[in-house]
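J.: After the structure tokens below, expect a handful of questions from me.
Bear in mind these aren't lab numbers, they're just calculated from the coordinates by the rules spelled out. This structure is a prediction, so every number in the text was calculated from the model and none was measured. Here the Cβ is made from the backbone with ideal geometry for all residues, glycine too, and neighbour counts use every protein chain on show.
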Amino acid sequence: MTYQKEYIALYSSTINEIFNRTVQSEDNLAPLFTDQFMSCGIGIYAAGIFDAKLIELLSIAFDASITHMYAPGTRRHIKSALKAGASVEEIMAVLKVCVAFGIEAGESGASILSKELARLEQ
């Protein structure tokens, strides 16, 4: 797939996290969709308009939103946001925005944040 080459070039150190089992499964089931979806996302990272922290905060909002509610993605982006220097307060502010779309999204994201903070402390 074309996106794999671009992602490998851009993010070789985190390629295993990005291409988790879910993405690989989707790739096998719908390779054209997966290629188009990943190609769309590459532009956000490659353009250099937003820094890594902002991209991860926006990705948390997308994955934690009531219309998406994708816990593995929310978890991955919370971990990446913390690594990129996001504060707990910034992540919680994003999750509070998600609450406007549904209380479930905030609860799910807060639970994931709590678990990831506990892992960081270990």
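J.: On a full-extension model of 0.36 nm per residue, what is the gain between Q122 and I44, subtracting their alpha-carbon distance, rounded to one decimal in nm?
T.: 24.9 nm
J.: Could you order peptides 60-67, 30-37 by the average number of other Cβ atoms within 10 Å of their residues, highest first?
T.: So the order, starting with the most tightly packed, is 60-67, 30-37.
J.: Additional query: Dividing the convex hull volume of the Cα atoms of segment 31-122 by its residue count, what figure in Å³ per residue is obtained?
T.: So the per-residue Cα hull volume is 100 Å³.
J.: For every other residue with a beta carbon closer than 9 angstrom to the beta carbon of D63, add +1 if it is Lys or Arg and -1 if Asp or Glu, then tell me the sum.
T.: Within the 9 Å Cβ shell, the charges total +2.
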